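Worksheet for the structure shown next.
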Amino acid sequence: ITNSQEGNNTYEVMAIDKVGNRNITLINIIQDITPPILLVEYPPEEYVTNDRVLDISGLTEKDVTITIAGLVVEVENGLFTLPMTLQEGMNIIEIRAVDLARNFKFMTLVVKYDITPPDVDMVYPLADGAVNKSTVTVAGNVEADVDEVLVKKVPVVIKNDRFSKIFKMSEGSNLIMI
């Protein structure tokens, strides 16, 4: 069939025998060459979490089959959700949408499941050290993916994976918690 266009196409099929009898049949063919919509609303790209179970949710169109990591997911009114158990480290999750005409769209999510506390390398003061001043500079190094350092519950700026802040000391033993 030629001259078809995307959407509904109606064709007339006519058969004529040798004596002129005719049979006319109309057929409708829906041409669909457009991949289905596939929008993942959650999680965002390159997501990092310490939750073992992650709800993957998104949006597609009517009559589309969604698979997440090979599992067929129920689609209701174009919405889908699948709770997925993550493995520690990087999780590469393929999501595929296939419509009735077998057009498809897929995407890959990369999710990091991280349950390891960050390393803190204390530069100063050393544990159980003594100082002869009323202030002390607390300084150290952290991993590149550390977002926040708190010293005595006070936020400390991280720059180039390093932190440093001056704190007042009281006479005697002072516990500095990071």
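The values are calculated or read from the model by the stated rules, or taken from the named source; none is laboratory data. Computed from a prediction, not measured in an experiment: that's the story for all the values here. All Cβ positions, glycine included, derive from the backbone under ideal geometry; neighbour counts span all protein chains shown. With ligands, DNA and RNA removed, areas are computed over all heavy atoms of the protein, side chains included. Shrake-Rupley method; radii C 1.70, N 1.55, O 1.52, S 1.80 Å.
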Compare the Cα positions of Ala139, Leu150, Ser173 along the charge dipole of the stretch 131-173 (+1 at Cβ of Lys, Arg; -1 at Cβ of Asp, Glu; about the Cα centre) and return the one farthest towards the positive end. Ser173
Between Thr137 and Asp114, what is the label-to-label distance in nm when each label sits 7 Å out along the Cα-to-Cβ direction? 2.8
Ordered by packing density, taken as the mean number of other Cβ atoms within 10 Å over each peptide's residues, highest first, how do 148-155, 124-131 rank? 148-155, 124-131
Base-10 log of normalised Debye intensity for the stretch 121-169 (one unit scatterer per alpha-carbon) at q = 0.16, 0.20, 0.21, 0.24 Å⁻¹: -0.44, -0.67, -0.73, -0.91
Stretchable slack from Asp161 to Thr25, in nm (0.36 nm times residue separation minus alpha-carbon distance): 41.5 nm
Note to self: with every protein chain in place and a 1.4 Å probe, the stretch 6-108 gives an accessible area per residue in Å² of 71
Leaving out ligands, DNA and RNA, and with a 1.4 Å probe, what % of the accessible surface on the chain is carbon or sulfur? 52
Once you have the Cα-Cα distance between Asp145 and Met169, take 0.36 nm times their residue separation minus that, and quote the gain in nm to one decimal. 5.6 nm
Quick one: putting +1 on the C-beta of Lys and Arg, -1 on the C-beta of Asp and Glu, what dipole do you get for the stretch 1-62 around its Cα centre, in Debye to the nearest 20? 580
Send over the per residue convex hull volume for the stretch 1-42, Cα only, as a whole number of Å³. 76
Show me, for the stretch 29-40, the HN-Hα J-couplings you get by feeding each phi into the Karplus relation (A = 6.51, B = -1.76, C = 1.60, θ = phi - 60°), rounded to Hz, glycine and proline as x. 10, 9, 9, 9, 10, 9, x, x, 6, 9, 10, 9
Among the listed pairs Lys62/Lys112; Lys62/Lys105; Lys112/Lys153, give every one whose C-alpha distance is greater than 24 Å. Lys62/Lys112; Lys112/Lys153
What is the magnitude of the charge dipole of the stretch 108-177 about its Cα centre, with +1 placed on the Cβ of each Lys and Arg, -1 on the Cβ of each Asp and Glu, and no other charges, expressed in debye to the nearest 20? 400
Computed from the beta carbon distance with a Förster radius of 45 Å, FRET efficiency for Glu12 and Glu45 to the nearest 0.05 stands at 0.35
Among Thr10, Leu39, Leu79 the positive-end extreme of the charge dipole of the chain (Cβ point charges): Leu39
